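Here the structure is laid out as structure tokens; the discussion comes afterwards.
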Amino acid sequence: MQAYRASLLRFNEDTTAAFDEDGLLVVGDDGKVVAAGPYGALQAQYAQVGSQHWPGRIIAPGFVDLHVHYPQVDVIGSAADGLLPWLEQHTFPQEARFSDPAHAAQVASFFTAELLRHGVTTAMTFATSHVSSVNALMEAGQVSGQRIITGKCLQDRNCPEGVRDATEQSLLDTEALIQRWHGKGRLGYAITPRFAPACSDAQLSGAALLAAKYSSVWIQSHVAENDDEIAWAKQLYPSAPSYLSVYDGFGLLRERSVYAHCIHFSDADRLLMRQRGAAAAVCPTSNLFLGSGYFDFAAAAHAGMLYGLASDVGGGTSFSPFKTMLAAYYVARSSALTGNTAKQAITLSPQQLWWQHTAGAAQALGLQGVVGNLQPGCEADFVVLNPQATPLLARRVARAQGVDDLLFAMIVLGDERVIERTQVMRVAAS
Ligand code: GUN
Ligand code: ZN
């Protein structure tokens, strides 16, 4: 066992934060949390356990990035007139480079290191359509120890040669990759149709068959991000009630399916998400950068739909959960300004924002009680935060009143300088 003493943040079942000014986190040899709570209450019981003390620091759950594209590391900050030109001009040319396993391996290890620098210990990420891109990232995940969920992108139409795959082979490759990687250590596989406009009916049907055969595998895709994309989906599926219902028609909405964006939704779409147990990955920096629109947090909460926060790098502009949480706050506050009078501006509390990037995102993945929290039984992935990391933050935190104020100061003023250490679950050698 090992114990860590510092301030301690974790989440209650009702999603509120539990915060101990002087806390103790006790981790077992299996890498899981044994106890978490006030130092005063736990100290006697764990007095024999070797401990580390970090005065002035905060131990918090490692962040969960619910949707990111590891092959888009070199696409960040590429301007375009919206999603579809951005894909054509910047994204597909970069992704084509992943046919080279050496390039994929280099980017994969950069990516896992970058996530760690930003305190992210679990990520669900797209690879490219190349099998080698999945192998490279899974291998990097074995080295880094993070929980990595990824999959080969399925995209057999309406995209350029170099990233386009072949229907039958793409499904054979997917099944072979599931068998090779899913459940190996902390790695997981996600069946990954890029989005309906880039996948033939045969490819979507085949993906759904695999999703039914391997029920613990995840599904990830994109939906209702951008007006032109939605018009395109409508043109391809004129009789579908909505873009989301296209996926449902193929059998691709289920628990452990995560759809990025979900911006331009009707209440019927939100209800369908809830009924199927599907989750939305909310990507505010990407949505602001590409001018896609504003996720409706109030309507999502009202519908009881699962959702969590995500960077969506390289449409997203940062790996930093602090930047993503702040952008989510802006988006929620700005919703009423979009001209859509149905949208309601809401104020997301700092605790809610933080939960949505940790325990809430884990719940969206079906990994509640496994990652994203530091309650007993959880895998001990954690960050050590330094709330004095910059002069302005130190000054602001010195007059923080209570946990919300402290968390908000870090959300607004923080970045990777606040992440003093990221520790992924360690299993003691037997
Ligand atoms: N829709 C289809 N592909 C992508 C992608 O790579 N990024 C984003 N933001 N949306 C997409
Ligand atoms: Zn995406």
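The values are calculated or read from the model by the stated rules, or taken from the named source; none is laboratory data. Bear in mind the structure is a predicted one, so any value in this text is a computation, not a measurement. Note: ideal-geometry Cβ built from the backbone for every residue, glycine included; neighbour counts use all protein chains shown. Accessible surface is based on the protein model in full, side chains and every heavy atom, while ligands, DNA and RNA are left aside. Shrake-Rupley method; radii C 1.70, N 1.55, O 1.52, S 1.80 Å.
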> Would the range 50-73 turn up any residue that is within 16 Å of ligand 1 (Cβ to nearest atom), open to solvent by less than 10 Å² (accessible area, probe 1.4 Å), more than 25 Å from ILE230 (Cβ to Cβ) and in a helix (DSSP H, G or I)?
Replying inline: yes
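On the given criteria, is VAL223 under 21 Å from SER129 (Cα atoms), in contact (Cβ under 8 Å) with a residue 12 or more places away in the chain and either open to solvent by 60 Å² or more (accessible area, probe 1.4 Å) or touching a helix residue (DSSP H, G or I) at 6+ places or on another chain (Cβ under 8 Å) (or both)?
Details: under 21 Å from SER129 (Cα atoms): yes; in contact (Cβ under 8 Å) with a residue 12 or more places away in the chain: yes; either open to solvent by 60 Å² or more (accessible area, probe 1.4 Å) or touching a helix residue (DSSP H, G or I) at 6+ places or on another chain (Cβ under 8 Å) (or both): yes.
Yes.
Please go through the range 119-138 and pick out each residue that is closer than 20 Å to THR422 by Cα and open to solvent by 10 Å² or more (accessible area, probe 1.4 Å).
Selection gives nothing.
Every residue, every condition in (1) within 16 Å of ligand 2 (Cβ to nearest atom); (2) among the aliphatic types (A, V, I, L, M); (3) at pLDDT 95 or above, yes or no:
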site	(1), (2), (3)
HIS118	no, no, yes
GLY145	no, no, yes
GLY151	yes, no, yes
PRO160	no, no, yes
GLU168	no, no, yes
LEU171	no, yes, yes
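Confirm whether TYR243 is buried (at least 16 other Cβ atoms within 10 Å of the Cβ), within 16 Å of ligand 1 (Cβ to nearest atom) and aromatic (Phe, Trp, Tyr). So that I can check it myself, show each step before the final result.
Values: buried (at least 16 other Cβ atoms within 10 Å of the Cβ): yes; within 16 Å of ligand 1 (Cβ to nearest atom): yes; aromatic (Phe, Trp, Tyr): yes.
Taking the combined requirement at face value, the residue satisfies it.
Residues PHE111, PHE92: which one is under 25 Å from ALA280 (Cα atoms), within 13 Å of ligand 1 (Cβ to nearest atom) and in a helix (DSSP H, G or I)?
Details: PHE111 fails: within 13 Å of ligand 1 (Cβ to nearest atom).
The conditions single out PHE92.
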> Since GLU114 meets every condition but one in (1) away from ligand 2 (no atom under 16 Å from the Cβ); (2) within 27 Å of VAL383 (Cα to Cα); (3) in contact with a Ser or Thr (Cβ under 8 Å, 6 or more places away or on another chain); (4) open to solvent by 10 Å² or more (accessible area, probe 1.4 Å), which condition does it not meet?
Replying inline: (3)
> With GLY315, GLY293, GLY308 as the choices, which residue is within 16 Å of ligand 2 (Cβ to nearest atom), in contact (Cβ under 8 Å) with a residue 60 or more places away in the chain, open to solvent by 10 Å² or more (accessible area, probe 1.4 Å) and of a type outside the set (Val, Ile, Thr)?
Replying inline: GLY293
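Filter the range 37-49 for residues that are under 30 Å from the mean Cα position of the chain (by Cα) and open to solvent by 10 Å² or more (accessible area, probe 1.4 Å) and give the result. Break it down into steps so the answer makes sense when it comes.
Kept after step one, since they are under 30 Å from the mean Cα position of the chain (by Cα), are these residues of the range 37-49: 37-38.
Selection gives PRO38 alone.
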> Which ones in the range 382-430 are in contact with a strand residue (DSSP E or B) (Cβ under 7 Å, 6 or more places away or on another chain), under 19 Å from LEU24 (Cβ atoms), open to solvent by 30 Å² or more (accessible area, probe 1.4 Å) and touching a residue at least 60 places away in the same chain (Cβ under 8 Å)?
Replying inline: VAL403, GLU420, MET425
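With respect to TYR214, determine if the residue is of a type in the set (Phe, Trp, Tyr), within 23 Å of the chain's Cα centre (by Cα) and on the phi < 0 side of the Ramachandran plot.
Values: of a type in the set (Phe, Trp, Tyr): yes; within 23 Å of the chain's Cα centre (by Cα): yes; on the phi < 0 side of the Ramachandran plot: yes.
Judged against the criteria, TYR214 is a match.
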> Considering the range 110-164 alone, what residues qualify as being within 25 Å of GLY31 (Cβ to Cβ), hydroxyl-bearing (Ser, Thr, Tyr) and touching a Phe, Trp or Tyr at 6+ places or on another chain (Cβ under 9 Å)?
Replying inline: THR112, THR121, THR122, THR125, THR150
>> Filter the range 289-312 down to the residues that are of a type in the set (A, V, I, L, M, F, W, C), within 12 Å of ligand 1 (Cβ to nearest atom) and in contact with a helix residue (DSSP H, G or I) (Cβ under 6 Å, 6 or more places away or on another chain) and list them by number.
In response: LEU290
> Name the pairs: first residue in the range 261-276 and open to solvent by less than 10 Å² (accessible area, probe 1.4 Å), second residue in a strand (DSSP E or B) and away from ligand 2 (no atom under 16 Å from the Cβ), Cβ to Cβ under 9 Å, at least 6 apart or on different chains?
Replying inline: MET273/LEU306
> Out of curiosity, is GLU161 open to solvent by 50 Å² or more (accessible area, probe 1.4 Å) and acidic (Asp, Glu)?
Replying inline: yes
>> What's the number of the only condition in (1) crowded, with 17+ Cβ neighbours inside 10 Å; (2) under 22 Å from the mean Cα position of the chain (by Cα); (3) away from ligand 2 (no atom under 14 Å from the Cβ); (4) part of a helix (DSSP H, G or I) that ASN287 fails to meet?
In response: (3)
> Which residues, counting only those in the range 93-109, are closer than 20 Å to ARG157 by Cα and open to solvent by less than 10 Å² (accessible area, probe 1.4 Å)?
Replying inline: GLU95, PHE98
> With LEU171, LEU252, LEU244 as the choices, which residue is aliphatic (A, V, I, L, M), touching a residue at least 24 places away in the same chain (Cβ under 8 Å), touching a helix residue (DSSP H, G or I) at 6+ places or on another chain (Cβ under 6 Å) and not in a helix (DSSP H, G or I)?
Replying inline: LEU252
> For the range 346-366, how many residues are in contact with a helix residue (DSSP H, G or I) (Cβ under 6 Å, 6 or more places away or on another chain) and farther than 15 Å from ALA17 by Cα?
Replying inline: 1
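Of the residues GLY360, GLY377, which is on the phi > 0 side of the Ramachandran plot and out of contact with any Cys (no Cβ under 8 Å at 6 or more places or on another chain)?
GLY377
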